[in-house]
Amino acid sequence: MPLKLFYITNRREIALIAEDAGVDRIFLDMEYIGKQDRQGGMDTVQNHHTIQDIKILRNTITKAELLVRVNPIHDRTNFYSSSDEEIEQAIDSGADILMLPMYKSVREVDRFLSIVDHRVKTMLLCETPEAVSIMPEIVKIDEIDEIHIGLNDLHLAMKKGFMFELLSDGTVDRIADVIRPSGKRYGFGGIARIGYGTLPAEKIIAEHYRIGSQMAILSRSFCNAEKMSDLVEIRNIFDSEVRKIRETESLFSQYSPEQFDDNRREVVRITNHILQSVNN
């Protein structure tokens, strides 16, 4: 089964281009609470999309699902509304799927699910060591539809030198081994264009197929539309590069266990080389 591809944008014209190219989910990112402290100084995207963006894209896309990442579970303060208010507004505005980031306890997950109350699909973003440790309990909860493994924050929390070290050292495998028997859809990380990326995208896609992942985010390096003004160029990138991903997936769907093992060894080799360069 092809990977469900997500692309993060709040621009309606980009959302339409991505949808037309075959991107399965348009991803709005409302998370900002605590994000600057965790990722300050890093070359990461901090979007802070809004409820208004949900309303706009709800009236824009017709085929892709609308995925919204809300903030971690929190109470109302003088600076922001509570999780209850935020989630209610996101659902009322037309989100198809809500993603909960940075959870550390079953209690937080239960609160999230209680607020959602079966009205939309739910996805957990496993990106803390605590989330990894409670995964055996989490997968027993029927109301959780999907789980995505967030490599960026998780590798920071686990003090790894490169986010795909979590792939090469078996961490992603171990998490997937816990999720898989539950039958829940799961995925991890992001992918760039075929032939691009510090760890080439095709190597990562093969790992998705080996592990049984069903979802991936199209990373900023796939198409950084926020720094491009030519919509024709953006459309050409999406049309050609999504097609290349699907063609590559078709190849990997026919891979033998031995071929997947060969690819994994290459992933480990490249990752170790990258880590050596970082440490030197």
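The values are calculated or read from the model by the stated rules, or taken from the named source; none is laboratory data. Just so we're clear, the structure is a prediction, and the values are computed from it rather than from any experiment. Glycine gets a Cβ as well: all are built from the backbone with ideal geometry, and neighbour counts include every protein chain shown. Protein only, heavy atoms only, side chains kept; ligands, DNA and RNA dropped before computing areas. Shrake-Rupley method; radii C 1.70, N 1.55, O 1.52, S 1.80 Å.
Some points to look at:
- Whichever residue in the range 210-224 is over 30 Å from Gly183 (Cβ atoms) and surrounded by fewer than 22 Cβ atoms within 10 Å (Cβ to Cβ) and, among such residues, is modelled with the highest pLDDT: Asn224
- Among the conditions (1) open to solvent by 70 Å² or more (accessible area, probe 1.4 Å); (2) more than 24 Å from Lys184 (Cα to Cα), Ala201 misses just one, which is (1).
- Residue identified as hydrophobic (A, V, I, L, M, F, W, C) and modelled with pLDDT of 95 or more among Ile33, Ile97: Ile97
- Taken over the range 228-252, the residue count meeting the criterion of being touching a helix residue (DSSP H, G or I) at 6+ places or on another chain (Cβ under 7 Å) and either acidic (Asp, Glu) or open to solvent by 60 Å² or more (accessible area, probe 1.4 Å) (or both) is 4.
- Within the range 177-191, considering residues that are without any contact (Cβ under 8 Å) to a residue 60 or more places away in the chain and buried (at least 20 other Cβ atoms within 10 Å of the Cβ), the one farthest from Ile274 (Cα to Cα): Ile179
A quick yes/no check of all residues on (1) in contact with a strand residue (DSSP E or B) (Cβ under 9 Å, 6 or more places away or on another chain); (2) farther than 30 Å from Ile26 by Cα:
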residue: Phe238; (1), (2): yes, no
residue: Leu251; (1), (2): no, no
residue: Tyr255; (1), (2): no, no
residue: Asp261; (1), (2): no, yes
residue: Val268; (1), (2): no, yes
residue: Val278; (1), (2): no, yes
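- Test: residue in the range 237-260 that is of a type in the set (Ser, Thr, Tyr), assigned to a helix (DSSP H, G or I), closer than 19 Å to Gly189 by Cα and out of contact with any Leu (no Cβ under 9 Å at 6 or more places or on another chain): yes
- Of the helices (runs of 4 or more DSSP H) that lie entirely inside the range 67-161, those containing 1 or more residues that are among the charged types (D, E, K, R) and open to solvent by less than 30 Å² (accessible area, probe 1.4 Å) span 83-93, 151-157.
- Count of the range 113-136 residues which are out of contact with any Asp or Glu (no Cβ under 8 Å at 6 or more places or on another chain), of a type in the set (A, V, I, L, M, F, W, C) and touching a residue at least 40 places away in the same chain (Cβ under 8 Å): 4
For every residue, the table says whether it meets (1) at pLDDT 90 or above; (2) in contact with a Ser or Thr (Cβ under 8 Å, 6 or more places away or on another chain); (3) open to solvent by 20 Å² or more (accessible area, probe 1.4 Å); (4) more than 19 Å from Thr122 (Cβ to Cβ).
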| residue | (1), (2), (3), (4) |
| --- | --- |
| Pro2 | yes, no, yes, yes |
| Phe6 | yes, no, no, no |
| Val23 | yes, no, no, yes |
| Gly41 | no, no, yes, yes |
| Ile61 | yes, no, no, yes |
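- Residue in the range 263-270 that is of a type outside the set (D, E, K, R), touching a helix residue (DSSP H, G or I) at 6+ places or on another chain (Cβ under 6 Å) and under 21 Å from Arg193 (Cβ atoms) present: yes
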